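Asks: What follows is a structure written as structure tokens; I'll ask about it next.
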Amino acid sequence: MPSFYLEPLGCAKNQVDAEVIISLLLDAGWELVEDPAEADLIVVNTCGFIRDAKEESLETAFLFRERFPDKRILLTGCLAQRYGRELGEEMEEVDGVLGNADLSAVVDAARQVMEGRRVVWTPQARRPAHVRRKRLLSFPGSAYVKVAEGCDNRCSYCAIPLIRGRFWSRPEEEIVQEVKGLLGEGIREVNLVAQDLGSYGKERGGSLFGLLERILELQGDFWVRLLYIHPDHFPWEILRLMGQDRRLLPYVDLPFQHVSARLLRRMGRRGDAERYAELVHALRDSLPDVVVRSTFLLGFPGEEEEDLDALARFLEEVRLDWAGFFVYSPEEGTPAEAWHREEGRKAGVRLERAERRKEDLERLQEGITGERLERWVGRECEVLVEERIEGEDMALARSAFQAPEVDGLVVVHGEGLEPGRVVRARVLKRNGIDLEGVCLSQ
């Protein structure tokens, strides 16, 4: 029986692809191993979103080749889809390259690589049959469910449509059955992901609201978290469901990207500081305990110092619960990449300024996040245990207001805190952007 090791890189949507690859290979008779030294084949599921992610993907493959010169290495994922031909021609360190448009091809690709044949495949996008995932890469009790693929928003800086193709939604019944199956396997947190959840179902006459209604008809005590909703077409009707059913968490992830109207138009987006502030205030009026996260793109072509000043003022005024910041990366084939090249030396100055201001904005937001977290001190809440702290009667956990990987944690004191279990805790204090509490249920 051949064995394989998989190194997952990139976002939650890429993680779902990695889990599908694992399941396809397991179904084909392969054995999954936890140590690459024991594997016949090493699969690196790459990310191709921004420059840093691309570099990490390539460096990971190089490191595996250095450590294991005699093993077979297969590149999969977004980077493999976008630059498959170039990687196949120039990267001798890997034995095969397989894009992510048709994950079912991984079984044949892996077989051919093990037979000594060099594989370079970038298949055309297709809508594959659902694959039941036999191995999840999340912490116990939590799972991502990808409800759609691709993107039609066509933001001028983003290469995702070039990699993932046009937006299409999975059938509603298929998603509901997948969620039902995960709940039956003990999953307590279902994180719905897509490039834009708010667009779910529109091309097939459905809606995110309708999908959520179906999921909430399922029996059981579980969380549903929504990640990545484009703010320019937020589906307001879902707030009613959040107010009616506590299982649909009042956690809203809105990637604003910026607040400068001029830059947002250039990005291909319709918002501005006033509209986005009104959106956040309206969410808080509807759901007092709602948690709002956003991300912001710094250093976009044409950005000036005053645009970053405006963003800082927005953060001070709106006081988001969580926010992340990343610096613009020119993506080949996008309009913004051409504008970046046209700026010449000014582009370097712009990116240096963005890197500098990123540190300032992160410090500002850290203080705001700490302030927002204070409202939970003294209150009781449910937390999902992620991992125990060895040798201590305590564990790391997350609450409804903390998304996996990107937000802070709750350190919970108590006995019998098994990973994957949901317990009730009282929050005692804040430590930076984390909280500390005591378990109330045994």
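The values are calculated or read from the model by the stated rules, or taken from the named source; none is laboratory data. Just so we're clear, the structure is a prediction, and the values are computed from it rather than from any experiment. In this analysis, Cβ positions are derived from the backbone assuming ideal geometry, glycine residues included, and neighbour counts consider all displayed protein chains.
Asks: Restricting attention to the range 281-301, and to residues there that are hydrophobic (A, V, I, L, M, F, W, C) and farther than 17 Å from PHE325 by Cβ, which single residue is surrounded by the most Cβ atoms within 10 Å (Cβ to Cβ)?
Replies: Here the residue is VAL291.
Asks: Working only within the range 37-77, note down all residues that are over 24 Å from the mean Cα position of the chain (by Cα) and surrounded by 20 or more Cβ atoms within 10 Å (Cβ to Cβ).
Replies: Within the range 37-77, ALA39, LEU41, PHE64, ARG72, ILE73 meet the criteria.
Asks: Out of the range 233-254, which residues are in contact with a Lys or Arg (Cβ under 9 Å, 6 or more places away or on another chain), of a type outside the set (Phe, Trp, Tyr) and in contact (Cβ under 8 Å) with a residue 40 or more places away in the chain?
Replies: LEU249, VAL252, ASP253, LEU254 - these are the residues of the range 233-254 that are in contact with a Lys or Arg (Cβ under 9 Å, 6 or more places away or on another chain), of a type outside the set (Phe, Trp, Tyr) and in contact (Cβ under 8 Å) with a residue 40 or more places away in the chain.
Asks: When the range 431-442 is examined, which residues are found to be small (Gly, Ala, Ser), touching a strand residue (DSSP E or B) at 6+ places or on another chain (Cβ under 9 Å) and surrounded by fewer than 18 Cβ atoms within 10 Å (Cβ to Cβ)?
Replies: Across the range 431-442, the qualifying residue is only SER441.
Asks: Any idea which of (1) in contact with a Leu (Cβ under 8 Å, 6 or more places away or on another chain); (2) modelled with pLDDT of 95 or more; (3) more than 28 Å from LYS146 (Cα to Cα) is the one VAL290 doesn't satisfy?
Replies: Only one criterion in (1) in contact with a Leu (Cβ under 8 Å, 6 or more places away or on another chain); (2) modelled with pLDDT of 95 or more; (3) more than 28 Å from LYS146 (Cα to Cα) is unmet by VAL290, namely (3).
Asks: Applying the selection to the range 226-247, what residues are over 16 Å from GLN195 (Cβ atoms), surrounded by 21 or more Cβ atoms within 10 Å (Cβ to Cβ) and not β-branched (Val, Ile, Thr)?
Replies: Residue satisfying the conditions is MET242 alone.
Asks: Can you tell me which residues in the range 255-274 are in contact with a strand residue (DSSP E or B) (Cβ under 8 Å, 6 or more places away or on another chain) and in contact (Cβ under 8 Å) with a residue 60 or more places away in the chain?
Replies: GLN257, MET267, ARG269
Asks: Can you tell me which residue is nearest to LEU6 (Cα to Cα) among those in the range 40-62 that are assigned to a loop (DSSP other than H, G, I, E, B) and in contact with a Phe, Trp or Tyr (Cβ under 9 Å, 6 or more places away or on another chain)?
Replies: So, considering only residues that are assigned to a loop (DSSP other than H, G, I, E, B) and in contact with a Phe, Trp or Tyr (Cβ under 9 Å, 6 or more places away or on another chain), the one nearest to LEU6 (Cα to Cα) is ASP40.
Asks: Taking the criterion of being within 30 Å of GLN257 (Cα to Cα), surrounded by 13 or more Cβ atoms within 10 Å (Cβ to Cβ) and either of a type in the set (Val, Ile, Thr) or modelled with pLDDT under 95 (or both), would at least one residue in the range 412-430 satisfy it?
Replies: Scanning the range 412-430, I find no residue that is within 30 Å of GLN257 (Cα to Cα), surrounded by 13 or more Cβ atoms within 10 Å (Cβ to Cβ) and either of a type in the set (Val, Ile, Thr) or modelled with pLDDT under 95 (or both), so the answer is no.
Asks: Read through the list (1) assigned to a helix (DSSP H, G or I); (2) touching a Leu at 6+ places or on another chain (Cβ under 7 Å), then give the number of the only condition that ASP285 fails.
Replies: The number of the failed condition is (2).
Asks: Only one of (1) under 18 Å from ALA310 (Cβ atoms); (2) touching a helix residue (DSSP H, G or I) at 6+ places or on another chain (Cβ under 9 Å); (3) of a type outside the set (Val, Ile, Thr); (4) surrounded by fewer than 21 Cβ atoms within 10 Å (Cβ to Cβ) fails for ARG265. Which number is that?
Replies: Failing condition for ARG265: (2).
Asks: Inside the range 172-208, can you point out the residues that are basic (Lys, Arg) and buried (at least 20 other Cβ atoms within 10 Å of the Cβ)?
Replies: Residue satisfying the conditions is ARG188 alone.
Asks: Please go through the range 293-309 and give me each residue that is over 20 Å from VAL280 (Cβ atoms) and either small (Gly, Ala, Ser) or without any contact (Cβ under 8 Å) to a residue 40 or more places away in the chain (or both), ordered by number.
Replies: Hits for the range 293-309 are GLY299, GLY302, GLU304, GLU306.
Asks: Can you tell me which of GLU387, GLU405 is within 30 Å of GLU303 (Cβ to Cβ), surrounded by fewer than 20 Cβ atoms within 10 Å (Cβ to Cβ), in contact (Cβ under 8 Å) with a residue 40 or more places away in the chain and not assigned by TED's automatic domain parsing to the domain that holds GLU303?
Replies: GLU405
Asks: Give me a count of the residues in the range 319-336 that are under 14 Å from LEU297 (Cβ atoms), surrounded by 16 or more Cβ atoms within 10 Å (Cβ to Cβ) and not aliphatic (A, V, I, L, M).
Replies: Qualifying residue count, the range 319-336: 7.
Asks: Mind counting the residues in the range 182-204 that are over 19 Å from LEU248 (Cβ atoms) and either of a type outside the set (S, T, N, Q) or in contact with an Asp or Glu (Cβ under 6 Å, 6 or more places away or on another chain) (or both)?
Replies: Looking only at that region, the number is 6.
Residue by residue, here is whether (1) of a type in the set (Phe, Trp, Tyr); (2) touching a Gly at 6+ places or on another chain (Cβ under 9 Å); (3) more than 28 Å from PHE49 (Cα to Cα) holds:
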| position | (1), (2), (3) |
| --- | --- |
| ILE160 | no, yes, no |
| SER169 | no, yes, no |
| LEU182 | no, no, yes |
| VAL190 | no, no, no |
| LEU197 | no, no, no |
| GLU213 | no, no, yes |
| GLU217 | no, no, yes |
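Asks: Next question. Could you check how many residues of the range 300-317 are under 24 Å from the mean Cα position of the chain (by Cα) and at pLDDT below 95?
Replies: Qualifying residue count for the region: 1.
Asks: Here's a follow-up. Among the candidates ALA37, ALA110, ALA105, single out the residue that is out of contact with any Leu (no Cβ under 9 Å at 6 or more places or on another chain) and either assigned by TED's automatic domain parsing to the domain that holds GLU332 or part of a helix (DSSP H, G or I) (or both).
Replies: After ruling out the rest, the residue left standing is ALA37.
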